[in-house]
Structure formats: C-alpha cells, structure tokens
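Asks: Below is the structure I would like to discuss, written out as structure tokens.
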C-alpha cells in the first residue's frame, strides 16, 4: 500500500471509529438474496472469460466480481441508497479452500481484490454525493466449507479434512486481496467453528505485521440452533473468550436464526463483551422451500427493540434480507443511542465448550 492510500485508509478508519461512538451504524443485507433476483444461468456466471471452464460454476456468486461486475456494483449501490453505512464485499467464499469446489483456487486473491474494489468504488461514489454520510467497506471473510474441529467422517472422529496451517494460508491470501482492493475493515463472519476463526485471526495478524498497519477487525459467530451454541459446541460467552485476545472492533452474531430467536444470544454477548457489538439476523426462519418471508417491518421491529434495550452498535441483515429490510432497519434505529461498552473487570477467563471465569 503506497503512502497516499495508507493516509486515506487511516482517515476512513478514524471517521468510522468516530461515527460508531455517535450512533448505531447500519450494515448492508444479503448479497446472495439479491443475486438470486437476477436468475443468472450457467453462461452468465461464466461470462466470456470462463466460457470454456471445465466445471460448472453456477452458484459461485463470488465469481460474479469478475464476470458480472455491474450487477455486484448495483447491489452495493442499492444498499447504500437504502441507508447502509457499511457494505460487505462479495467475497464470502473467496478463499482457495472454498473455491476448490469449482477448481478455481488460483483466482482466490483476484476475487478478493475485485470484490473489495467494487465495494470501494460504490462507497466512494455515494460518499462524494453525500459527504455528510460517509460509507465504508467491510472485507467479508467466510468460514470456508471445512471445519478444523469436527470430523467429516462419523466413523472416524479423529479425522480432519483440513489443517490449521492450510486454513491460515488460505485466509492469508484472502486478507491480502481485500486490503489491496481497498477494504476499510475486515469482517470474519458466520463463524461456526472457532478454530477456523483462530486460523483466520492468525493470518490477519501476519498480514498486518507485513503491511506495517492494522485495519479494524469484526468477528461474527453463528449460533446453529436453539441450544445456543455454534457448530463446534461453544456458547456465545465461550466464543467471546476464545476470540477476545484479538481485540476486535466488534464481536457479534449473524445468520442461522431470525431476530426473535437470536435475541437472547445477542444479549449474552452484549453483557460480557467489552467491545462494540454487531448483529445481523436472517429475515426470520426459512419456510419448507428454504425461502425467507419475514417482512422488512417485522425484522426492523425486532432490531429496534434490540437498540432500545441497549444491546447493539451495528445492525444489518443476513440471509433473505434486501434493501427494503435495510431501509426499514435504518429507520427503526435512527435516533436511538448506541450500546455503551460495559466495564468488565479483569479476571482469568477461559473457554472450552462453555466459559470459565476465575473469581478473584
């Protein structure tokens, strides 16, 4: 990163840190939901560049950063217009591990660079038109489609199909691409396995050391069912204990549940985390066809209650949410004071599947 870009990046980071103290910020909604509205076929996913690719690529939404850039740019624009302060890059699956499903591991860095640039251009264009409402870019880093904590073979509990170092190396390529493309912060999201997240955080630290500067990091877990645990078995508080060493700008939860079901776990994190809290639920629970039907005003009503209860600093939407949801959410939280970070006494806190605190 050259000197001018570094100065500009630091300026945006300071602006973001100022705003998050002043009001509840709004993250955008689902990228996949918006892409599905375009009903793209295999040829549209391939574009001219990958017309002769040996494998099917339909469903590789991140590839659209290269083959249908105008669609991705327009989705970012719609979310900013709806009231989003922060756009996530279209890079949820832009790791070499996730892209191996399509034989496209070699394009991982390029996908991240392109995804960040598209979001950066959209954010900058909106900010130029509305300088009183600057917009930011969160480099989205998904969990990959493998888990370091759980065997994929029920007959061999000790088997793993990925190692910590393989995850770390894959994440590192993604992080480098997101920084090159102009992300303001990094969003490690939909964490279902905390060990995967630790590999990502390790990779992020390595990249930051190499660049000689740090971007804010957001960490967002996902509670997989009403047991209140992620897939690797941790409670929300134990998850926080596991990642708090990274000193993220925000911690929080996304995906898997609608706002009504997610609320108790958001409240749990809000109580224990001495950093900002970000939460972005699905548009309710899916129906029998896997579709999300919760109307924007219902989702927004739940999130307004979160805000009024002092639980959140950043809110947005995950699966099934649209610009209409984000517009309703932005209106619902407007004027409500952001959550105050609690003063948490310094104690020994550990985590297995559940949190442990050594009383003084």
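Asks: So which of 310, 335, 352, 316 is closer than 17 Å to residue 252 by Cα and surrounded by fewer than 21 Cβ atoms within 10 Å (Cβ to Cβ)?
Replies: None of the other options fit; the residue is 310.
Condition check ((1) part of a helix (DSSP H, G or I); (2) out of contact with any helix residue (DSSP H, G or I) (no Cβ under 6 Å at 6 or more places or on another chain)) across all residues:
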| residue | (1), (2) |
| --- | --- |
| 180 | yes, no |
| 183 | no, no |
| 201 | yes, no |
| 209 | yes, yes |
| 213 | no, yes |
| 227 | no, yes |
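Asks: Moving on to the next point. Could you figure out which of (1) modelled with pLDDT under 95; (2) part of a helix (DSSP H, G or I) isn't true of residue 100?
Replies: (1)
Asks: Got a sec? Which of 69, 54 is in contact with a helix residue (DSSP H, G or I) (Cβ under 7 Å, 6 or more places away or on another chain), surrounded by fewer than 19 Cβ atoms within 10 Å (Cβ to Cβ), more than 17 Å from residue 187 (Cα to Cα) and touching a residue at least 12 places away in the same chain (Cβ under 8 Å)?
Replies: 69
Asks: Being buried (at least 19 other Cβ atoms within 10 Å of the Cβ) and closer than 16 Å to residue 91 by Cα: is that true of residue 59 here?
Replies: no
Asks: Filter region 209-226 for residues that are free of Cβ contacts under 8 Å to residues at least 40 places away in the same chain and out of contact with any strand residue (DSSP E or B) (no Cβ under 9 Å at 6 or more places or on another chain); which is surrounded by the fewest Cβ atoms within 10 Å (Cβ to Cβ)?
Replies: Of everything passing the filter in region 209-226, 212 is surrounded by the fewest Cβ atoms within 10 Å (Cβ to Cβ).
The values are calculated or read from the model by the stated rules, or taken from the named source; none is laboratory data. Note that the structure is predicted; figures quoted are calculated from it, not measured. Glycine also receives a Cβ, built like all others from the backbone with ideal geometry; neighbour counts cover every protein chain displayed.
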